[in-house]
Amino acid sequence: MDPYIIHTNSPEETMAFAEKLATYLKPGNVLTLEGDLGAGKTTFTKGLAKGLKIKRTVNSPTFTIVKEYEGIYPLYHIDAYRLENSEEDIGFEDYFAGDGVTVVEWATYISDFLPDTLLNVSITYESENARKIQLMPQGTFFEAICKELIK
Ligand SMILES: Nc1ncnc2c1ncn2[C@@H]1O[C@H](COP(=O)(O)OP(=O)(O)O)[C@@H](O)[C@H]1O
Ligand SMILES: [Mg+2]
């Protein structure tokens, strides 16, 4: 299936797009985020947080595997980078099937634990202020959201 693609020309535009996406999300939803360092993964997550009315500042989760933020419902920000080759299950199911939205960076390292239904978001650097955002929905729920967001 072809991905849904949008282009943004500033960090604010990326945040605004993620903020709008957040309004369609429901507790138990899982998003996987891909992109090189500086692509805009944290910027995107800040936008999601804004959409969930989270007041605290969202940072890269590098030194903790899971960061939790309270909003309309919780946002769980997981960075699986340090779980490479560990096959460790830190209780992912509780997050994925839980009461909040989960965003996973380096999701390939925990692919065995991921649900079948999720939204993969891949951000690519194009130029200093331009990014390509590709949405690859798995499942009809996210497919419908993508159609709604990108017409
Ligand atoms: N269109 C854009 N979308 C997102 N970030 C952008 C954009 N243009 C410039 N930037 C800048 O790129 C950087 C992205 O950093 P960050 O979100 O921390 O990336 P990552 O978490 O993927 O390493 C920020 O400094 C941000 O201001
Ligand atoms: Mg980051």
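FYI, it's all coordinate maths here, none of it is from the lab. Everything quoted here is computed from the prediction, not taken from an experiment. Neighbour counts are summed over all protein chains in view; Cβ atoms, including those assigned to glycine, are modelled from backbone coordinates with ideal geometry.
Do we have Glu88 as more than 15 Å from the chain's Cα centre (by Cα) and not polar (S, T, N, Q) here? Before the answer, list the steps.
Values: more than 15 Å from the chain's Cα centre (by Cα): yes; not polar (S, T, N, Q): yes.
Spelling it out, Glu88 is indeed more than 15 Å from the chain's Cα centre (by Cα) and not polar (S, T, N, Q).
Which residue is surrounded by the most Cβ atoms within 10 Å (Cβ to Cβ), if the candidates are limited to segment 1-60 and must be among the hydroxyl-bearing types (Ser, Thr, Tyr), more than 8 Å from ligand 1 (Cβ to nearest atom) and more than 12 Å from the chain's Cα centre (by Cα)? Steps first, answer last, please.
The first filter runs over segment 1-60 and keeps only residues among the hydroxyl-bearing types (Ser, Thr, Tyr), leaving 4, 8, 10, 14, 23-24, 32, 42-43, 45, 57, 60.
Restricting the remaining residues to those that are more than 8 Å from ligand 1 (Cβ to nearest atom) gives 4, 23-24, 32, 57.
Remaining after also requiring more than 12 Å from the chain's Cα centre (by Cα): 4, 23-24, 57.
Details: Tyr4: 20, Thr23: 11, Tyr24: 16, Thr57: 8.
Of everything passing the filter in segment 1-60, Tyr4 is surrounded by the most Cβ atoms within 10 Å (Cβ to Cβ).
So, restricting to strands (runs of 3 or more DSSP E) that lie completely within segment 27-81, which ones have at least 1 residues that are polar (S, T, N, Q) and either within 21 Å of Leu114 (Cβ to Cβ) or within 15 Å of ligand 2 (Cβ to nearest atom) (or both)?
Numbers: elements: 30-34, 66-69, 75-79.
Passing ranges, in order: 30-34.
I need a count of the residues in segment 65-95 that are surrounded by fewer than 14 Cβ atoms within 10 Å (Cβ to Cβ) and among the small types (Gly, Ala, Ser).
2
Looking for something aliphatic (A, V, I, L, M), away from ligand 2 (no atom under 16 Å from the Cβ) and within 15 Å of the chain's Cα centre (by Cα) - is there at least one such residue anywhere in segment 96-103? Spell out the reasoning first.
Just the residues of segment 96-103 that are aliphatic (A, V, I, L, M), to begin with: 97, 101, 103.
Still in the running and away from ligand 2 (no atom under 16 Å from the Cβ): 97, 101.
If we keep only those that are within 15 Å of the chain's Cα centre (by Cα) too, we end up with 101.
Yes, some residue in segment 96-103 is aliphatic (A, V, I, L, M), away from ligand 2 (no atom under 16 Å from the Cβ) and within 15 Å of the chain's Cα centre (by Cα).
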